[in-house]
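Q: This is the structure I have questions about; it appears just below.
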Amino acid sequence: MLDTRYDHKNLEEKIYKLWEKSGFFNPDKLLNKKAKPFTIIMPPPNANGALHMGHAVGMTLQDIMVRWNRMRGKKTLWLPGADHAGFETQVVFDKKLEKESRDRRTIPRDELYREIWNFTQKNKEIMYAQTKKLGASCDWSRETFTLDPRIIDIVYGTFEKLYKDGLVYRDLKVVNWCPKHKTALSDLEVKYAERTDPLYYIKYGPLTLATVRPETKFGDTALAVNPKDRRYKNFIGKTIEARGVLGSLKFRVIADAAVDPKFGTGVIKVTPAHDAADFEIWARHKDEIAGPKAVIDENGRLNENTGEFKGLKVAEARGAVAAKMKEIGILEKMEPNYVHQVATCYKCGSTLEPLPKPQWFVKMKPLAEPAIKALKAKKFQILPKRSEKVYLHWLKNIRDWNISRQITWGIRIPAWFHEPKCIPKIGHEKDVIKCKEIIVSPKEPKCEFCDAKYVQDPDVFDTWFSSGQWPYATLQIRGSDFKNFYPTDVMETGYDILFFWVARMVMLGIYRTGKSPFKTVYLHGLVRDKDRQKMSKSRGNVVDPLGVADLYGTDAVRMALTVGNTAGNDIVISEDKIRGYRNFATKIWNIARFVMMNEVKSGTKPKFTASDRKNLANLKKIKAQITKHLERFEFHLAAEKIYHYIWHEFADKIIEAAKPRLKSENNPDKAAAYKTIETLLTESIKMLHPFMPYVTEEIYQNLPNRSKETLMIENW
């Protein structure tokens, strides 16, 4: 018999252990061996901290799908894991070191890696305990970490194949450099911030140009105008002399369509080392102008090419150089309130410095084309549908992807550079010209022709390169899993990583397997507070999912995250909303207690009334509607329908109408009343189980006539 009240604190851990002991999280142990598969690969949370409310949203929606499909008799696999999260984890670990008055740059590489490894392993265990607390019915026997040696082997295989296919190359390009973290970032990791800065008009001989960055003028190699700008047609192709801060200068004037004639005076300075657009202009005019000349270093300070300004930080150098220009008479004017977008680091907010660096790049257009075709051919779908247009727009305008990071934590790039000095092997004195400068290999190669060693690239992969291979990699490392479960059915994740992760999974999945890695992508929104403000520690409005779960029960949190949550839209959550669904858990508990307390022992044949038959028929309609909502990924509508049915139909009407009959001396009518509400209770907790698994399981375990070991494998 059920206790007088539902005590989630004492029951949830016990119930989860029951589920684990049953073995039914593992699809290989489900009873129907020939069933169709249903697969979700869990987006691996970063192993650098606790789960937050965004994780709770994803875990809840995925578990709803998994539990529902398991109850439908499918061979259901939900594969869990964790991401080493390269750059993001190193940022977190840097903060830890700062508190300890330590600097990672003073720690030997192997020692630092080991420290971060231990840090992530501790976090991983905490994170997995939190995942269990949220009720996630995933197969822990298949848990995978992105730094699993078997995963690394697959990542290396992909890199090697891309390299051999001519889709990976190493080149000197201007990249997004974070002076604080001392690493390059991909274009997607750039966060643009609106800034108001002075716009400086500088006189270069007969021409005047506008710039917000006078501190980079020491790296200018040309002036450029638009070829259609009639104002400057007589200057194109000519060399002009100008006065500069460090002395006289000569610049060739070139014409390039990238120049906006409406910006400033229509004349720009070309600084190939410190502007990606200027670097591309230089690439188109290599025969006319000099190449990149770096004047800013990795620390965001001016270097030895800037004379008296050497050592100044960019921000202070800007004013100092402008003052010098004014002193020598080449600063024509200054507009103080020029509004523009500035590239910043998405983690620390530091202004990024465009710097020329040799990096590894992936050619994306050949990978993007099959990913575009796959969506158009309906090999998979993205929900909400409007996100498909966003996905296609990004892929059609995609640029090559910088996948190398100058950090310690992550998967080391398996590329080896030949030492510069060749010591010929005996008999190969004339063959040293054949020594390969770069070799891509998981293991240290040996030169065929000389005794020089190969030195491994110190860089590591962008973490999205490895996690972009997650669906097929996690299934390829175990027996027949890839054959049985790939392509997966659903990828459920946040809309904010559609480009970071989802699109890259599609591209790399098709490239390595020939198939899209999933059939449906379901994108959830960001979690916001009751005032629709984004949750953040600085605002002080963060709701800790585990904290409120301890207070009100996990089931209440799960329902609060589901009701009102539509694909692609932000989710409003508040403690009041969670408290309301705690009351709902209490309601279903009290309903179950009432039914069990009024049990009519078998022996009397029930005599069902027209109202009983109507209620039982209506239940089937409700269940069919809920099933349809779940098939359409309308989790919010399914949850709302169950809620209203149980509270307002079953509890408020059907049970109230049954109370006098349960006290009746008419045994056939009494038996019918009981049988009706017993059936409705059993079916109600089945329908509610994917959403509120804990309270429903505890009720099920106390049913006098339960037919299965656990509600988790009951027939939907």
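Bear in mind these aren't lab numbers, they're just calculated from the coordinates by the rules spelled out. Note that the coordinates shown come from a computational prediction; the quantities given were computed from them, not determined experimentally. Note: ideal-geometry Cβ built from the backbone for every residue, glycine included; neighbour counts use all protein chains shown.
Q: Here's a check for you: in the range 191-235, which residue that is free of Cβ contacts under 8 Å to residues at least 40 places away in the same chain and among the aromatic types (Phe, Trp, Tyr) is nearest to Lys293 (Cα to Cα)?
A: Taking the candidates together, the pick is Phe235.
Q: Looking only at residues that are touching an Asp or Glu at 6+ places or on another chain (Cβ under 8 Å) and farther than 30 Å from Val527 by Cα in the range 570-605, which one is surrounded by the fewest Cβ atoms within 10 Å (Cβ to Cβ)?
A: Glu599
Q: So, Leu77, is that one of a type in the set (A, V, I, L, M, F, W, C) and either within 19 Å of Glu125 (Cβ to Cβ) or touching a residue at least 12 places away in the same chain (Cβ under 8 Å) (or both) or not? Full working, then the answer.
A: On the way: of a type in the set (A, V, I, L, M, F, W, C): yes; either within 19 Å of Glu125 (Cβ to Cβ) or touching a residue at least 12 places away in the same chain (Cβ under 8 Å) (or both): yes.
Yes.
Q: Restricting the search to the range 168-185, which residues are at negative phi, surrounded by fewer than 18 Cβ atoms within 10 Å (Cβ to Cβ) and part of a loop (DSSP other than H, G, I, E, B)?
A: Lys180
Q: Go over the candidates Met53, Met59 one by one and state the one that is of a type outside the set (Val, Ile, Thr), crowded, with 19+ Cβ neighbours inside 10 Å, under 28 Å from Thr586 (Cβ atoms) and touching a Ser or Thr at 6+ places or on another chain (Cβ under 9 Å). Write out each step before concluding.
A: On the way: Met53 fails: touching a Ser or Thr at 6+ places or on another chain (Cβ under 9 Å).
Sole residue among the options that is of a type outside the set (Val, Ile, Thr), crowded, with 19+ Cβ neighbours inside 10 Å, under 28 Å from Thr586 (Cβ atoms) and touching a Ser or Thr at 6+ places or on another chain (Cβ under 9 Å): Met59.
Q: When you check Gln359 against the structure, is it of a type in the set (S, T, N, Q) and crowded, with 18+ Cβ neighbours inside 10 Å, yes or no?
A: Criteria met by Gln359.
Q: Within the range 86-100, is there a residue that is in contact with a strand residue (DSSP E or B) (Cβ under 6 Å, 6 or more places away or on another chain), surrounded by 23 or more Cβ atoms within 10 Å (Cβ to Cβ) and closer than 30 Å to Asn26 by Cβ?
A: no
Q: Just checking, how many residues over the range 593-643 are in a helix (DSSP H, G or I) and polar (S, T, N, Q)?
A: Summing the residues that are in a helix (DSSP H, G or I) and polar (S, T, N, Q) in the range 593-643 gives 5.
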